[in-house]
1. Out of everything in the stretch 364-409 that is within 18 Å of MET331 (Cα to Cα) and outside any loop (DSSP other than H, G, I, E, B), what residue ends up being farthest from the ligand (Cβ to nearest atom)?
2. With respect to ILE591, determine if the residue is surrounded by 23 or more Cβ atoms within 10 Å (Cβ to Cβ), closer than 26 Å to ILE618 by Cβ and in contact with a Ser or Thr (Cβ under 8 Å, 6 or more places away or on another chain).
3. Condition first: within 16 Å of the ligand (Cβ to nearest atom), under 20 Å from LEU98 (Cα atoms) and buried (at least 21 other Cβ atoms within 10 Å of the Cβ). Can you find one or more residues in the stretch 344-356 that meet it?
4. Just give me the residues in the stretch 259-309 being within 16 Å of the ligand (Cβ to nearest atom) and acidic (Asp, Glu), in sequence order.
5. It is to be established whether one or more residues within the stretch 30-40 are more than 17 Å from ARG447 (Cα to Cα) and either part of a strand (DSSP E or B) or in contact (Cβ under 8 Å) with a residue 60 or more places away in the chain (or both).
6. Among the residues of the stretch 447-463, write down those that are out of contact with any Gly (no Cβ under 7 Å at 6 or more places or on another chain) and either within 14 Å of the ligand (Cβ to nearest atom) or part of a strand (DSSP E or B) (or both).
7. Given ALA43, ALA61, which one is assigned to a helix (DSSP H, G or I) and either aliphatic (A, V, I, L, M) or closer than 30 Å to GLY195 by Cβ (or both)?
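The values are calculated or read from the model by the stated rules, or taken from the named source; none is laboratory data. It should be emphasised that the depicted structure is a prediction, and the values quoted were computed from it without experimental measurement. Methodologically, a virtual Cβ is constructed for each residue, glycine included, from the backbone with ideal geometry; neighbour enumeration extends over all protein chains shown.
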Amino acid sequence: MSTPSRDLVPPPAAFAARARVGSLERYRQLYAESVTNPEGFWARQAERLHWSQKWTRVVDADFTTARIRWFEGGKLNACFNCVDRHVDAGHGNQIAILWEGDDPGHDERITYRELQRRVARFANVLKKHGVAKGDRVCIYLPMIPELAISVLACARIGAIHSVVFGGFSAHSLRDRIQDAGAKLLITADEGVRGGKAVPLKRIADEAVAECPSITRVLVKQRTGKWVPTVDGRDAWIDEELAHPAIGDDCPCEPMDAEDPLFILYTSGSTGKPKGVLHTTGGYLVGASFTHELVFDHQPGDVYWCTADVGWVTGHSYIVYGPLANRATTLMFEGVPTFPDVGRFWDVVDKHQVSVFYTAPTALRALMQHGDAPVLQRSRKSLRLLGSVGEPINPEVWRWYHRVVGDSRCPIVDTWWQTETGAILIAPLPGATPQKPGSATLPLPGVRPLLVDDEGREVKGDGELSGNLCIAAAWPSIMRSVWGDPQRFFDTYFKRFPGRYFTGDGARRDADGYWWITGRVDDVLNVSGHRIGTAEVESAIVTHPACAEAAVVGFPHEIKGEGICAFVIVKAGIATDAALEQAVKDAVRREIGAIAAPDRVHFVPGLPKTRSGKIMRRILRQLARGVTDDLGDTTTLADPAIVTQVVAAVTGRTAHPPTA
Ligand code: PRX
């Protein structure tokens with residue numbers, strides 16, 4: 001079944017006429033060139049950056065061994081490329097960062113010159129506190145300018161940043177600090193979102209109490225609330241920055257192309273989150289190239305990506321990509337619904353945003369409130385819209401196009417991952433006819449393919465589906481799992497030898513368009529956030545009443561996927577509403593509110609195969625409310641358990657807790 005052509009939305013002629021890539025033919029030329037001569041293609045793309053020393057070899061990559069190196073022999077500094085070179089070229093007065101606070105009356109404009117000064121001073125503070133090249137710095141901050149500034153300050157001196165999203169719990173923060181062996185933590189007294197305070201310093205204190213590697217905690221006063229400080233360990237960022245010994249100059253450390261730039265933790269199907277390691281040269285080439293092409297970056301654009309810098313989207317498309325391209329990038333501290341559901345469009349009008357990039361979950365939440373809050377705002381400045389993080393439902397795509405974009409703005413549905421560093425599949429807005437719900441075509445330099453469960457490539461001209469793999473390396477692919485190269489190989493290169501396995505399933509239609517169907521592993525996508533079922537299960541059983549847990553996703557109107565937990569309690573424990581709440585709280589405490597189950601079912605047992613593996617397929621059906629069509633249950637160790645679980649879930653019989 002191929003998608004009917006009436007669903008093809010061509011780029012508007014006026015957009016295409018001004019676009020960097022203005023026709024499908026031009027895209028096809030670029031693509032053909034990129035796959036016939038990848039070295040030549042990527043070498044040309046790398047020229048967009050400033051290199052203090054040119055590379056000697058473009059690529060040395062082998063997916064059978066997971067060895068990947070780009071631009072070896074080259075030297076550059078990511079901060080210099082994002083800040084200093086623009087000032088040197090005479091653009092110091094251009095706005096680099098437009099900051100919009102949670103409170104609509106609170107904003108800040110930071111020029112490239114001012115950014116250079118603030119980053120250099122921040123870097124000098126880091127040096128004063130003993131941070132040197134190769135050291136890990138953990139950043140646990142709200143969406144305030146200091147978040148971008150501290151990231152760039154690390155890059156300036158060659159320290160490796162590990163940003164932890166401000167919604168993660170003390171335990172998650174602790175695990176990430178310990179895994180990275182971070183020396184210094186940067187945090188704030190409190191964060192502010194939707195008018196509510198988030199006690200970051202208190203959470204950080206709890207985490208750091210179990211992190212002997214941390215010698216210093218730098219604290220930004222965001223709200224000025226009194227927070228306890230630890231003598232000899234904590235210092236106020238603003239006092240440090242104002243110190244007379246801290247100068248405005250700080251040289252940029254020349255980094256090897258393959259020197260680490262950052263670690264970012266992400267969830268997988270097993271074990272604890274892994275530290276995805278990105279290096280300097282390839283990552284920055286990828287972030288910059290894709291930001292320019294996919295967002296058709298033009299001088300004068302006001303570009304707004306609504307993600308948090310705590311996720312990869314914020315790294316690549318709030319900080320590194322846009323700043324490398326000398327864009328004006330907007331950073332938003334708040335939420336889409338505060339003070340009201342028109343906030344996004346108020347910000348668009350206030351700052352005359354031209355390119356807007358958000359997640360389907362936010363659009364679904366806003367769409368519920370109807371068209372009026374959107375139509376009451378002008379939005380005339382918008383010229384391009386983007387989507388990321390999860391498949392966008394076609395009806396949400398159409399609403400975004402018709403209502404938000406007044407049927408005038410192309411939509412770029414961008415598929416990528418923390419591991420890929422940059423967008424891999426997306427339309428070029430002036431070239432690619434869009435299909436609602438499809439990420440469309442691979443970017444130049446990207447070779448996706450489908451393989452079946454046995455690892456055979458699924459080929460042909462018609463509609464195909466399978467596991468989404470990538471055939472060859474691109475510059476911004478991750479280089480390793482921090483501290484665990486074996487896990488890097490095992491996770492991405494073992495199942496389908498010689499290919500990078502994304503963990504996603506996909507469909508390719510007869511036009512060659514890609515449709516991402518979602519994860520094929522035990523990873524959930526909740527409001528665009530990746531959450532491993534194993535992590536949530538481990539969190540649940542930290543509660544002393546819980547013996548065992550199994551977690552699955554179910555379709556959720558706003559979040560995309562909701563979390564449903566099946567929990568076996570220990571003998572003699574009463575399963576009441578209080579315990580249900582306690583289970584949710586345990587997950588909040590262990591991981592963070594984003595991973596809290598939407599539903600908890602207490603069950604007498606779990607459907608398991610004879611080898612002890614939980615049959616999640618059955619639980620997924622139950623979580624969707626299906627109780628009569630559970631498929632083949634004959635391979636279960638104890639098929640009778642299904643009836644008991646169904647009874648427990650539907651509340652038809654009381655169930656005795658098992659031991
Ligand atoms: O399942 C895919 C989904 O998000 C996963 C990557 O999550 P993360 O590493 O947290 O990065 C999110 C932001 C890039 C993918 O494996 N995903 C991401 N973008 C899309 C998507 N699914 C469908 N369509 C997309 N545009």
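1. Looking at residues that are within 18 Å of MET331 (Cα to Cα) and outside any loop (DSSP other than H, G, I, E, B), I get LEU384.
2. On the way: surrounded by 23 or more Cβ atoms within 10 Å (Cβ to Cβ): yes; closer than 26 Å to ILE618 by Cβ: yes; in contact with a Ser or Thr (Cβ under 8 Å, 6 or more places away or on another chain): yes.
For ILE591, the condition - surrounded by 23 or more Cβ atoms within 10 Å (Cβ to Cβ), closer than 26 Å to ILE618 by Cβ and in contact with a Ser or Thr (Cβ under 8 Å, 6 or more places away or on another chain) - is met.
3. Here is the first cut: in the stretch 344-356, the residues within 16 Å of the ligand (Cβ to nearest atom) are 356.
Still in the running and under 20 Å from LEU98 (Cα atoms): 356.
Going one step further and asking which of them are buried (at least 21 other Cβ atoms within 10 Å of the Cβ), we end up with 356.
There is at least one residue in the stretch 344-356 that is within 16 Å of the ligand (Cβ to nearest atom), under 20 Å from LEU98 (Cα atoms) and buried (at least 21 other Cβ atoms within 10 Å of the Cβ).
4. If the condition is that a residue be within 16 Å of the ligand (Cβ to nearest atom) and acidic (Asp, Glu), then ASP308 is the only one that fits.
5. Going residue by residue through the stretch 30-40, those that are more than 17 Å from ARG447 (Cα to Cα) are none.
Taking every residue of the stretch 30-40 in turn, none turns out to be more than 17 Å from ARG447 (Cα to Cα) and either part of a strand (DSSP E or B) or in contact (Cβ under 8 Å) with a residue 60 or more places away in the chain (or both).
6. First pass over the stretch 447-463, keeping only residues out of contact with any Gly (no Cβ under 7 Å at 6 or more places or on another chain): 447-449, 453-457, 459-463.
Residues satisfying the conditions are PRO448, LEU449, GLU457.
7. Working: ALA61 fails: assigned to a helix (DSSP H, G or I).
Only one candidate passes the filter, namely ALA43.
Residues checked against (1) on the phi < 0 side of the Ramachandran plot; (2) out of contact with any Asp or Glu (no Cβ under 6 Å at 6 or more places or on another chain); (3) modelled with pLDDT of 95 or more; (4) assigned to a helix (DSSP H, G or I):
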residue	(1), (2), (3), (4)
GLU548	yes, yes, yes, no
VAL551	yes, no, yes, no
LEU579	yes, yes, yes, yes
ALA586	yes, yes, yes, yes
LEU619	yes, yes, yes, yes
THR627	yes, yes, no, no
THR633	yes, yes, no, no
